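The values are calculated or read from the model by the stated rules, or taken from the named source; none is laboratory data. What you are looking at is a predicted structure, and each value in this text was computed from that prediction instead of being measured. Counting neighbours? That spans all protein chains shown, and the Cβs are built from the backbone with ideal geometry, glycine included. Heavy atoms of the whole protein, side chains included, go into the accessibility calculation; ligands, DNA and RNA do not. Shrake-Rupley method; radii C 1.70, N 1.55, O 1.52, S 1.80 Å.
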Amino acid sequence: MASYFREATGIPGPSGFGSATTAEQVTEGIDASGLTVIITVHLGMELVEMNFFPSHMVFCEDMNCFALHRGVELMAMNWELGSFCYLFTWGNSGIGAEAARVLALRGAHVIIGARNIESANGVKQSILESIPSARVEIIPIELSSLKSVRAFADKFLEMDLPLNILINNAGIMYCPFQLSEDGIEMQFATNHVGHFYLTKLLLDKLKTTAEKTGIEGRIVNLSSEAHMTPYRGGIRFDKINDKDFYNDKLAYGQSKLANILHANELARRLKEEGANVTANSLHPGLIKTNLGRHATVAVAALRAATCVLWKSIPQGAATTCYVALHPNVKGVSGKYFADCNESKTTSNGTDELLGTKLWDFTENLVSAI
């Protein structure tokens with residue numbers, strides 16, 4: 001209850017920031033000149049929001065599902081301490097786009113990875129209009145496809161850039177049952193497996209960059225409070241692709257729990273091998289967007305009933321920027337954040353055995369494809 005009170009009032013937590021803090025405020029004083037940002041996005045759809053599922057969503061008419069409009073961004077940053085390279089996901093409007101804008105404002109070089117290149121060019125133009133000096137480029141990616149994720153990673157590695165921070169922020173939500181091209185349930189494939197594989201492919205680059213520069217690498221997984229409502233037991237390993245037992249909301253909660261478990265297990269493994277790289281997860285908050293023509297009366301009613309908990313887009317991007325960039329988070333690993341402060345997850349979210357089992361299960365999935 002304390003966290004909800006703090007979110008509603010905007011009272012700062014121990015970090016000095018809170019739900020009312022914006023992305024610009026948490027990056028104030030940070031010099032991002034020299035930073036390269038690679039952003040993979042799903043673009044061209046209208047944004048809506050739900051009540052207690054705080055992630056940034058859009059309604060996909062072609063898929064009949066709610067989709068999180070984010071992508072993957074890679075940034076190389078000079079933040080007083082040296083050159084940084086970051087990778088995270090975001091949307092064409094909303095918290096990801098705001099994070100990208102703020103990073104470009106700080107001097108970052110942004111590379112957009114999108115499946116819809118035309119829409120990505122629109123995002124690029126929008127950034128350039130507000131920040132004429134911004135450097136923005138585009139590379140294709142589709143996170144639900146392991147082949148596409150591999151192509152993205154290969155393209156990035158060919159660029160021979162450093163990589164300090166990876167922010168996994170893309171996803172889909174509330175899809176009716178469907179399988180990805182790799183034969184994996186779509187929400188689990190996009191929200192967890194794609195990010196797991198992307199992290200796996202870029203992990204050596206993160207480690208070597210940290211070793212060469214002496215600057216801590218960071219991996220950030222965007223999760224959601226929806227991780228509190230997965231299937232019974234947390235992860236339904238034996239029925240991931242079982243249509244008969246599928247529930248779109250529980251499947252989404254399962255995938256968001258997987259984001260937390262992935263970050264925690266990765267943090268444990270990195271610490272064990274002595275790598276100068278951390279891994280954390282976060283809940284961005286309830287984000288205000290234009291509900292648009294796809295919003296239902298129920299959605300509008302839920303939003304009205306919880307209006308004091310909703311953040312503006314600049315506020316919604318703050319926790320991502322905080323965990324990725326702020327000096328307060330140096331050396332912090334295996335934690336869950338909300339409102340720019342450490343927060344608590346469920347017992348499933350701190351279950352080390354479940355995290356290890358998920359890691360092995362996902363490794364087998366990507367190895368078999």
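For V308, indicate whether it is in a helix (DSSP H, G or I), open to solvent by 20 Å² or more (accessible area, probe 1.4 Å) and at pLDDT below 95. It is true that V308 is in a helix (DSSP H, G or I), open to solvent by 20 Å² or more (accessible area, probe 1.4 Å) and at pLDDT below 95. Considering the stretch 188-206, and only residues there that are modelled with pLDDT of 95 or more and open to solvent by 10 Å² or more (accessible area, probe 1.4 Å), the residue that is nearest to N247 (Cα to Cα) turns out to be Y197.
Is it the case that the stretch 322-343 has a residue that's within 17 Å of the chain's Cα centre (by Cα) and at pLDDT below 90? Yes, there is a match, as at least one residue in the stretch 322-343 is within 17 Å of the chain's Cα centre (by Cα) and at pLDDT below 90.
Got at least one residue in the stretch 283-304 being within 27 Å of F188 (Cβ to Cβ), buried (at least 21 other Cβ atoms within 10 Å of the Cβ) and at pLDDT 95 or above? Yes, the conditions are met somewhere in the stretch 283-304. Within the stretch 236-267, the set of residues being surrounded by fewer than 23 Cβ atoms within 10 Å (Cβ to Cβ) and among the aliphatic types (A, V, I, L, M) comprises I240, L250, A267. Within the stretch 330-343, none of the residues are among the aliphatic types (A, V, I, L, M) and part of a helix (DSSP H, G or I). Contact annotation: residue pairs with Cβ atoms under 7 Å, 6 or more positions apart or on different chains, pairing a residue in the stretch 101-119 that is on the phi > 0 side of the Ramachandran plot with a partner that is surrounded by 19 or more Cβ atoms within 10 Å (Cβ to Cβ), are G107/A32; G107/L35.
Annotation: of all residues in the stretch 211-226 being touching a residue at least 60 places away in the same chain (Cβ under 8 Å) and among the charged types (D, E, K, R), the one that is surrounded by the fewest Cβ atoms within 10 Å (Cβ to Cβ) is E211. Restricting the stretch 145-170 to residues that are open to solvent by 20 Å² or more (accessible area, probe 1.4 Å) and in a loop (DSSP other than H, G, I, E, B) leaves a set whose member that is modelled with the lowest pLDDT is P162. Among residues of the stretch 234-257 that are within 15 Å of L358 (Cβ to Cβ) and part of a helix (DSSP H, G or I), those with a Cβ under 7 angstrom from a residue that is of a type in the set (K, R) and open to solvent by less than 40 Å² (accessible area, probe 1.4 Å), sequence gap 6+ or separate chain, pair up as Q254/R236.
Can you find a residue in the stretch 344-352 that is more than 27 Å from M186 (Cβ to Cβ), of a type outside the set (S, T, N, Q) and modelled with pLDDT of 95 or more? Scanning the stretch 344-352, I find at least one residue that is more than 27 Å from M186 (Cβ to Cβ), of a type outside the set (S, T, N, Q) and modelled with pLDDT of 95 or more, so the answer is yes.
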